[in-house]
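Since the structure comes first, as structure tokens, the remarks are kept for the end.
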Amino acid sequence: MLSLDKVFDAQTVLKSIIRETNVVKTYGIAPDCDLYLKPENLQITGSFKVRGSAYKISQLSAEEKAKGVIACSAGNHAQGVALAATKNGIKSLICLPDSAPISKVEATKGYGAEVCLVEGVYDDAYNKAIELKEKEGYTFVHPFDDEDVIAGQGTIALEVLNDLDNIDAIVVPVGGGGLISGIAYTAKHIRPSVKVYGVQMTGAPSMYNSIHDGKIETLDTVQTVADGIAVKRPGDNTFEIVKKYVDDIALVSEDEVSSAILALIEKQKMIAEGAGAASVAAVMFNKFDLKGKRVVCIVSGGNIDVTSLSRVIDRGLMNSGRSASLLIELIDKPGQLKEISSIIADCGGNVTGVHYEKGNTESINGCFLRIEMETRDNNHVKTIKNTLREAGFRTTKG
């Protein structure tokens, strides 16, 4: 049974394995509340997952360890299991979805695990892991629906409550529910007044739907940049714990998470993956009533592929108005580009790209000019557009 004693035992066991990540105060990310970050992206393996997996493996019998362990993961649990198994001299086989970032796949191999890539998402990898467990006799280490794993994740709440007094709320990313189950169970038993809020992606709302409908539901598909919480079905144990101890769950969009990743980079010099930034996105975009509150966001991981990070940054810049693209319809004659560039420069914008396009315009001598710009914010973009229109230029969508 899950108990507070088990969480404290996990804290003792994990002292020689994990890194205690100190809470960090933020500035400029969420001005309406007093916001702190629990940076599990700085954890060994780059994610909180090592806590639960290492504690689970420590509790296995000699017979179970001898069989070797198998796990399924979108990447972070994989690395935690691989590291813990290698430290204990145990063979590990990890089933990962083939959509997992290359960086996570290679890191898992680097920690000593054998990797089996499975077509699909986390749930497909889970089915493959169960199949191999039955066939080969491995000991299965579940990524979230296991009381030892949940207890390991609960150690995060112990550290947060020890670091900060008078916390009003903890905001937690949610996939299958292991992280928020451990945190909510622990926090509510030690300090019942603390609110615990969960965050899922609009493209993967399995726990959100299940809680709101009062029963466990399975999504047909999941699609999100936050691969760490792309789970079709919450766990049986985690669903019950979340239903009992979590105060509310909200959804955030891809654009909101992209903006949160960018804010963490610029304001905190901190790299978070999509799942890790989901909690920050919820606070930035006011998904909960946190005005004037002292809030801790769990930044659950930082294992984002560099290519994905580049795309996310570009999207975040576009969403925040830091970069913009204008499509201008005009008559094809000399001097047009010079005049447009001057207007943009006078407004304080910086042209970074120009592309000439012939197209279907009202005039036979018409053309389109696509301008890429660096700008300050969305209001700055509107100012530039309005100034161009006042000068007689027609901006269109595209």
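The values are calculated or read from the model by the stated rules, or taken from the named source; none is laboratory data. Everything numeric in this text was worked out from a predicted model, so none of it was measured. Using ideal geometry, Cβ is built from the backbone for each residue, glycine included, and neighbour counts are taken over all protein chains shown. To get the accessible areas, we keep the full protein, side chains included, count just its heavy atoms, and leave off ligands, DNA and RNA. Shrake-Rupley method; radii C 1.70, N 1.55, O 1.52, S 1.80 Å.
With respect to THR108, is the statement that it is crowded, with 20+ Cβ neighbours inside 10 Å, under 24 Å from CYS33 (Cβ atoms) and not hydrophobic (A, V, I, L, M, F, W, C) true? It is false that THR108 is crowded, with 20+ Cβ neighbours inside 10 Å, under 24 Å from CYS33 (Cβ atoms) and not hydrophobic (A, V, I, L, M, F, W, C).
When PRO39 is tested against (1) in contact with a helix residue (DSSP H, G or I) (Cβ under 7 Å, 6 or more places away or on another chain); (2) more than 25 Å from GLU136 (Cβ to Cβ), only condition (1) is not met.
Just wondering, is there one or more residues in segment 154-170 that are of a type outside the set (Gly, Ala, Ser), on the phi > 0 side of the Ramachandran plot and touching a residue at least 12 places away in the same chain (Cβ under 8 Å)? Yes, there is a match, as at least one residue in segment 154-170 is of a type outside the set (Gly, Ala, Ser), on the phi > 0 side of the Ramachandran plot and touching a residue at least 12 places away in the same chain (Cβ under 8 Å).
Please go through segment 265-279 and give me each residue that is within 9 Å of the chain's Cα centre (by Cα), closer than 11 Å to ASN41 by Cβ and in a helix (DSSP H, G or I), ordered by number. Let's see the steps before the verdict.
First, the residues of segment 265-279 that are within 9 Å of the chain's Cα centre (by Cα): 272-279.
Then keep just the ones that are closer than 11 Å to ASN41 by Cβ; that gives 272-273, 275-277.
Result: ALA275, GLY276, ALA277.
Counting only residues that are open to solvent by 60 Å² or more (accessible area, probe 1.4 Å) and of a type in the set (Gly, Ala, Ser), segment 29-62 holds 1 of them. Here is the figure for segment 288-319: residues that are free of Cβ contacts under 8 Å to residues at least 12 places away in the same chain, open to solvent by less than 70 Å² (accessible area, probe 1.4 Å) and farther than 24 Å from GLY75 by Cα total 0.
Taking segment 320-398 as the region of interest, the strands (runs of 3 or more DSSP E) fully inside it that hold 2 or more residues being of a type in the set (A, V, I, L, M) and surrounded by 11 or more Cβ atoms within 10 Å (Cβ to Cβ) are 323-331, 350-357, 366-374.
Would you mind finding the one in GLU136, GLU119, GLU159, GLU131 that is surrounded by fewer than 21 Cβ atoms within 10 Å (Cβ to Cβ), touching an Asp or Glu at 6+ places or on another chain (Cβ under 7 Å) and more than 19 Å from LEU35 (Cα to Cα)? Walk me through it before giving the result.
Numbers: GLU136 fails: touching an Asp or Glu at 6+ places or on another chain (Cβ under 7 Å); GLU159 fails: more than 19 Å from LEU35 (Cα to Cα); GLU131 fails: touching an Asp or Glu at 6+ places or on another chain (Cβ under 7 Å).
Of GLU136, GLU119, GLU159, GLU131, the one residue that is surrounded by fewer than 21 Cβ atoms within 10 Å (Cβ to Cβ), touching an Asp or Glu at 6+ places or on another chain (Cβ under 7 Å) and more than 19 Å from LEU35 (Cα to Cα) is GLU119.
Answer with yes or no whether LYS65 is more than 29 Å from SER259 (Cα to Cα), open to solvent by less than 70 Å² (accessible area, probe 1.4 Å) and basic (Lys, Arg). Considered against the rule, which asks whether it is more than 29 Å from SER259 (Cα to Cα), open to solvent by less than 70 Å² (accessible area, probe 1.4 Å) and basic (Lys, Arg), LYS65 comes out as yes.
Picking from ALA125, ALA71, ALA85, which residue would you name as being of a type in the set (A, V, I, L, M), farther than 18 Å from GLY52 by Cα and open to solvent by less than 10 Å² (accessible area, probe 1.4 Å)? Don't jump to the end; show me each part of the working.
On the way: ALA71 fails: farther than 18 Å from GLY52 by Cα; ALA85 fails: farther than 18 Å from GLY52 by Cα.
Criteria check complete, one pass: ALA125.
Can you confirm whether segment 139-151 contains a residue that is touching a residue at least 60 places away in the same chain (Cβ under 8 Å), touching a Ser or Thr at 6+ places or on another chain (Cβ under 8 Å), open to solvent by 10 Å² or more (accessible area, probe 1.4 Å) and farther than 21 Å from LYS15 by Cβ? Checked segment 139-151: at least one residue is touching a residue at least 60 places away in the same chain (Cβ under 8 Å), touching a Ser or Thr at 6+ places or on another chain (Cβ under 8 Å), open to solvent by 10 Å² or more (accessible area, probe 1.4 Å) and farther than 21 Å from LYS15 by Cβ.
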